[in-house]
Amino acid sequence: MALSKRIIKETQRLAEDAVPGISAVPHDDNLRYFDVTIDGPSQSPYEGGVFKAELFLPDDYPMTPPKIRFLTRIYHPNIDRLGRICLDVLKSNWSPALQIRTILLSIQALLGAPNPDDPLANDVAQAWKQDEQAAIATAREWTEKHAKP
Amino acid sequence: MSSPEPIPPPNDRRSSRASSNASLAVPTLDNTREPVELLVVGGPPSTPSPLALRASNSPSSNRRKSRIAKLPPDVHLLEYLSACDSNLICLICHSPFDKPVQLACEHFFCRECLDHAWDAQHDAQKTCPTCRGRVDTTREPLPVPKIIATMLDELVVKCPNTKSGCDWIEQRVNVHDHVLLYCEYTLVDCPDFDCHLYITQKDFHKGCLHYTEHQRTTCPNRSTACPHCSVELLRLELNAHVKDICPKVIVPCPGTLVGCTVAVERADLAGHAKGCSMAIMAPYFRDQQARIERSEARLEPLSRKVGILEDGLSKITNMLYPPNANDSSFPVTNPLDPNSDAFTTAPLVPTPDFRLPPASFPPVPPSHDTSQTPLTNPTPPPFDSQIHHLLTLHGSLRDEVSRIANALTDYEGRTNMMIINENQRVKDEMLHTNAAINGMRMQLHWLVSATLQQRTGSTNSTGNSTSRAGGSTDSNASGTQGTNSNLGSRSAGASATLHLPLRRLSDSTRQNTKL
Ligand SMILES: [Zn+2]
Ligand SMILES: [Zn+2]
Ligand SMILES: [Zn+2]
Ligand SMILES: [Zn+2]
Ligand SMILES: [Zn+2]
Ligand SMILES: [Zn+2]
């Protein structure tokens, strides 16, 4: 199929021309299933952490966005307890011109710039709004606790 | 790349292009064309492409069943020889554009990719996948600049069947024709009607290889033991083994041809053949037989040729001497009807006019009819002599006639000559007679006048001389009249000449009396 050729090409490019701080490796038995790691961006409460995620390309990818979920626990207003991510390009703003690489970069950017006004984890967003410093401290604490290799 | 999409008539295309240039209304958005293109490129193998459907509807599809399975090459799966300029890469499929289109924001996509991406979006909310700009579906997508299409056409690709062994490498624009028409490695339907597998084009003429392959390698029951020699072998090859190889099969001696009735196992055959004289002679006989057959085969066209020549000859004969069916003197019979009356009556027909010697004109059975079927004539000599006889007869008759004609003209000439001569002589005689008569009349006249003078004495001498002059002129006139007159009036003329002087006499006497 034409579109799985695109997946092969993307996978090749991810391996050959890797983005610093991001990796995505497909499973041997299912080339649509990727093990993803994202380094926490510098000057953020997630700095120094390596966050694991899983990424799955649906059958009609790239017409529908990839499904992605954090496996590492993370304290973030836009990421819920199950690791689900609230990011517009993963939902309504998805475009087939986007790709795995750009999506992962977007997520990395989201870690650097939390948006408590469009929350997925309501309690975290609440805390973030009430006392940002305390929330950032909690985030750093979680990073230390869960995201250190 | 030439796509099998339906080609609009030239006028149609020109008008649509003109309208797209003028109003930027693009006909390529026409939804009725989408499914066609979707089927052509990248359709699942089970989907019949329009080309395949067309091929299956064509009259030659029964013979060239191979066309049916052919699928147009999927441009997205092509392998490019060199890395393609990133500006020619579709952001959706990450391959060089296939039938690209352009949006108003100057972002390019494959037509198919764009349609696919837009599947989920409502008409009013369609956006550019790259910039998310709102798309006006009544105007977009637009055709791409010609140079883009040309650059894409000139990309060098490998044949999609490279893995099967095709080493074709050429511009992308030709790949469609190569795969559908020329590539020997394109998969086509197996020629076996019951086999639903595919086979490469180059093996199409070999027939179904799948079953044989199955029998050779995969079938669990593929091997068997020879019932004669118990050797283990492929079931597929059993027949050939029994026929030509198996040492335990009972085979007849090669001398069977000549009459040897011995039949032994193949392994023992060599021993028997060494001592069997008939087996030794067999090759010689076989050789002989082959030679006879060759000769017979050669004979056949020759006899056919002879038949044709005989046929031609009889036609020529017919043309020269057409048989006259109404001439009872010439026997004409219908050779196709052995019961025809002619069969019995023909020999009885008398031929007296020709005075044929009986030996050269034997009774003519129907098959001997010269006019109809000399080909079937088993004994040609009677036919020849008859014709020859007639020919010579005809020639001699012609000679006779011409001789008679010559004699006739000769005779006629002589007769004419004789008549002329005779005439001349008669004329001469008449002249002589006339002269004699004249002489006699003169004498008579003189005598008469002399006696008259004596009787009348010396009376009227002048009247006498006058009558004498008149009498001489009269005799002259009657003399010329006599030479001119016919022979038949000789006696009449004579009587007239006799009579005239008498009249003169009376005249003169009357004159004399009057005087
Ligand atoms: Zn494309
Ligand atoms: Zn755009
Ligand atoms: Zn080829
Ligand atoms: Zn087959
Ligand atoms: Zn055997
Ligand atoms: Zn023998």
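How much length would be gained if the chain were fully extended between residue A:109 and residue A:19, taking 0.36 nm per residue of separation minus their Cα-Cα distance, in nm to one decimal?
31.1 nm
Rounded if a/c is under 1.5, else prolate if a/b is larger than b/c, else oblate: which is the stretch B:75-185, with a ≥ b ≥ c the root eigenvalues of its Cα gyration tensor?
Judged from the Cα gyration tensor, the stretch B:75-185 comes out prolate (a/c at least 1.5, a/b above b/c).
So for the pair residue A:126, residue B:211, with labels modelled 7 Å out along Cα→Cβ, what separation do we get in nm?
Each label point lies 7 Å from its Cα, and together they span 7.7 nm.
Can you sort B:119, A:118 from fewest to most other Cβ atoms within 10 Å of each residue's own Cβ?
B:119, A:118
Tell me, B:442, A:63, B:417 in order of fewest to most beta-carbon neighbours within 10 Å?
Details: B:442 15, A:63 19, B:417 10.
By the 10 Å Cβ count, ascending: B:417, B:442, A:63.
When the label point is put 7 Å from the Cα of residue B:265 along its Cα-to-beta-carbon vector, which residues of the stretch B:201-236 have a backbone N closer than 11 Å?
B:228-230
Under the rule a/c < 1.5 gives rounded, and otherwise a/b versus b/c splits prolate from oblate, where does the stretch B:157-301 land using the Cα gyration tensor?
Numbers: a/c = 4.06, a/b = 1.91, b/c = 2.13.
It is oblate, given that a/c is not under 1.5 and a/b is not larger than b/c.
Mind giving me the FRET efficiency for residue B:408 and residue B:440? R0 is 41 Å, r the Cβ-Cβ distance, nearest 0.05 is fine.
0.30
Counting just the Cα atoms, what span does the stretch B:232-272 cover along each of its three principal axes? Round to the nearest Å and put the largest first.
So the three principal-axis extents are 36, 18, 11 Å.
Where the centre of each part is set by its Cα atoms, how far does the stretch B:74-125 sit from the stretch B:385-406, in angstrom?
Cα centroid of the stretch B:74-125 versus Cα centroid of the stretch B:385-406: 104 Å apart.
Report ³J(HN,Hα) in whole Hz for each residue of the stretch B:255-266, in order, from the Karplus equation J = 6.51 cos²θ - 1.76 cosθ + 1.60 where θ = phi - 60°; Gly and Pro get x.
Values, residue by residue: x, 3, 4, 9, x, 6, 9, 6, 9, 10, 5, 4 Hz.
Tell me, what HN-Hα J-couplings in whole Hz come from the Karplus equation 6.51 cos²θ - 1.76 cosθ + 1.60 at θ = phi - 60° for each residue of the stretch B:410-424, using x for Gly and Pro?
4, 4, 4, x, 5, 4, 4, 4, 4, 4, 4, 4, 4, 4, 4
Once whole DSSP H runs in chain A are found, which of them have Cα atoms spread over 15 Å or more along the helix axis and a mean Kyte-Doolittle score of at least 0.5?
Long hydrophobic helices here: A:100-112.
On full extension of the chain, what length is gained from residue B:194 through residue B:304, given 0.36 nm per residue of separation minus the C-alpha to C-alpha distance?
Stretched out fully, the residue B:194 to residue B:304 stretch lengthens by 34.9 nm.
For a quick check, take a GNM of chain A with Cα springs below 10 Å and name the residue from A:81, A:69, A:13 with the largest mean-square fluctuation.
A:13
With θ set to phi - 60°, apply the Karplus curve 6.51 cos²θ - 1.76 cosθ + 1.60 along the stretch B:171-186 and write out the HN-Hα couplings as whole Hz, x wherever there is a Gly or Pro.
5, 4, 4, 9, 5, 4, 5, 4, 5, 7, 10, 10, 5, 6, 9, 5
Could you compute the FRET efficiency for residue B:315 and residue B:243, with r as their C-beta to C-beta distance and R0 at 45 Å, rounded to 0.05? Please report the intermediate quantities before stating the final value.
On the way: r = 55 Å, r/R0 = 1.22.
Calculated transfer efficiency: 0.25.
Under the 0.36 nm per residue contour assumption, what length would be gained going from the current alpha-carbon distance of residue B:167 and residue B:151 to full extension? Present the calculation step by step, with values, prior to reporting the outcome.
On the way: separation 16, 0.36 × 16 = 5.76 nm, distance 2.28 nm.
Taking 0.36 nm per residue and subtracting the Cα distance, the gain is 3.5 nm.
Just check the stretch A:5-146 against the gyration tensor rule for me: Cα atoms, a ≥ b ≥ c as the square roots of the eigenvalues, rounded for a/c under 1.5, and otherwise prolate or oblate depending on whether a/b exceeds b/c. Mind dumping the intermediate values first?
Values: a/c = 2.27, a/b = 1.70, b/c = 1.34.
Prolate is the answer for the stretch A:5-146, as a/c is 1.5 or above and a/b outweighs b/c.
7 Å from Cα along Cα→Cβ at both residue B:285 and residue B:455: what's the point-to-point distance in nm?
Between residue B:285 and residue B:455, the label points sit 14.6 nm apart.
Coordinate-derived values only; no laboratory data. Small disclaimer: the values here were computed from a predicted structure and weren't measured. Quick reminder, even Gly has a Cβ in these numbers, built from the backbone with ideal geometry, and neighbours come from all protein chains shown.
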